[in-house]
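In what follows, a structure is listed as structure tokens, so that the remarks can point back to it.
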Amino acid sequence: MNTNVLSLVGQLSDQQLVTQLKLLTQREREATAHLIAHLAVVDERGLYLAEGCSSMFTYCLQVLHLSEHAAYGRIEAARAARKYPIILELLGDGGVNLTTVTLLAPHLTRENHADLLASAKHQRKRQVEELVAALRPLPSVPPSIRRLPAPKCVSAATCKESITDILRVASADIQPLPPVSPARRAVVQPLAPERYKIQFTASAETHEKLRRAQALLRHQIPDGDSAAIFDRALTVLLEQLAKQKHAATDRPRERVHEQPPAEVSRSRHIPAQVKRAVWKRDGGRCAFVSTTGRRCNEQGFLEFHHVVRYSEGGAASVDNIQLRCRAHNGYEFERASGRGKMQISPSTRSGPSSLDSTRAAVNPGVA
């Protein structure tokens, strides 16, 4: 690989860059399908034995130098593809990926593999997990609340001693213990159709609030089921957020067509009835459409966007306001301002906005 590859790629025009990226992605899919096919035949013939490896897994680690995760996924896919060759075709055209095949492989049969693979085409991991949950439903997880052990405090001196011990163990050619895993993220796992396991770590204050809610709701929820309580709490929260974010209400005070156009255009403020109409029309998701006709489906960090900028006389009307995610709102601002290529930074994606009047965050009182 040319060490100056980044410099060479950086000289491509935008159109060349996007075109080549799509081409390379397709080649990678085709290469993956060929790799899986080769692994399947090597595994079937037992050729790893002649290479001094006792298993296909060892061969992938020691000869092909794959990671353990990569080796496992590719071996699973290879063995599934040997039974159902259609997997290779789907891998080659991007219909499924290795993660999808790994999740489905234990559940594929002669009778269901064609329909199941067709249902999984172009689906995300969570959607594939839901397909698997529908095939093999798991029982509901019983409610459980337990106290986690407090983290141990480590002094600077202790830390220094631990590092010295690790270095001494490593120099003696002895494998040290693996590092402690970081705190786990919240788990959302489908157990069966319409049922999910949700697991997270809460603070002492949140735990106390849950206990108080259980006590106050004993007449309605005698067993204190946390899932039922969280459902009620989320229902109330969503109603409040809908009112704050896009002025949702069951009794609107005035309709959009009753607002005089001239009065709307004189203000930067976006009226509540305009927010409601725009939110409903755009389906609560970003309405940006690319030159190829692809619409953004983002539902987070949404903002109200002036199609014709306010500084250019754009009105805060339903026809001139659309929903944009923060990234696309910033992209359109940069494009309209003629500032050339926009560098998407983490703050642009999720941080506070610093753009001018074309940006109206979906928050109460902000336009």
Contour minus Cα-Cα distance for Ala118 and His38 (0.36 nm per residue):
26.4 nm
Could you check the spin-label model distance between Glu205 and Tyr72? Points 7 Å from the Cα along Cα→Cβ, value in nm.
3.8
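Taking R0 as 45 Å, what's the FRET efficiency between Lys245 and Gln62 from their Cβ-Cβ distance, rounded to 0.05?
That pair, Lys245 with Gln62, gives E of 0.25.
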In whole Å, what three semi-axes, largest first, describe the equivalent ellipsoid of the range 202-246 built from its Cα gyration tensor (square root of 5 times each eigenvalue)?
22, 14, 8
Note the direction-averaged projected area, equal to a quarter of the hull surface, for the Cα convex hull of the range 13-123, in nm².
8.0
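Full extension from Ser337 to Ala228: what is 0.36 nm times the residue separation minus their Cα-Cα distance, to one decimal in nm?
Numbers: separation 109, 0.36 × 109 = 39.24 nm, distance 4.97 nm.
Net length gain for the segment: 34.3 nm.
How much length, in nm to one decimal, is gained on full extension between Thr235 and His219, taken as 0.36 nm per residue of separation minus their Cα-Cα distance? Provide the component values of the computation, followed by the final result.
Numbers: separation 16, 0.36 × 16 = 5.76 nm, distance 1.89 nm.
That pair, Thr235 and His219, stretches by 3.9 nm at full extension.
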Within the range 1-31, name every residue whose backbone N is under 14 Å away from a label modeled 7 Å from Cα of Ser290 along the Cβ vector.
14-26
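A short reminder: the numbers here are calculations on the coordinates, not readings from a lab. All of these numbers come straight from a predicted model, not from anything done at the bench. Positions of Cβ are backbone-derived with ideal geometry, glycine not excepted, and every protein chain shown enters the neighbour counts.
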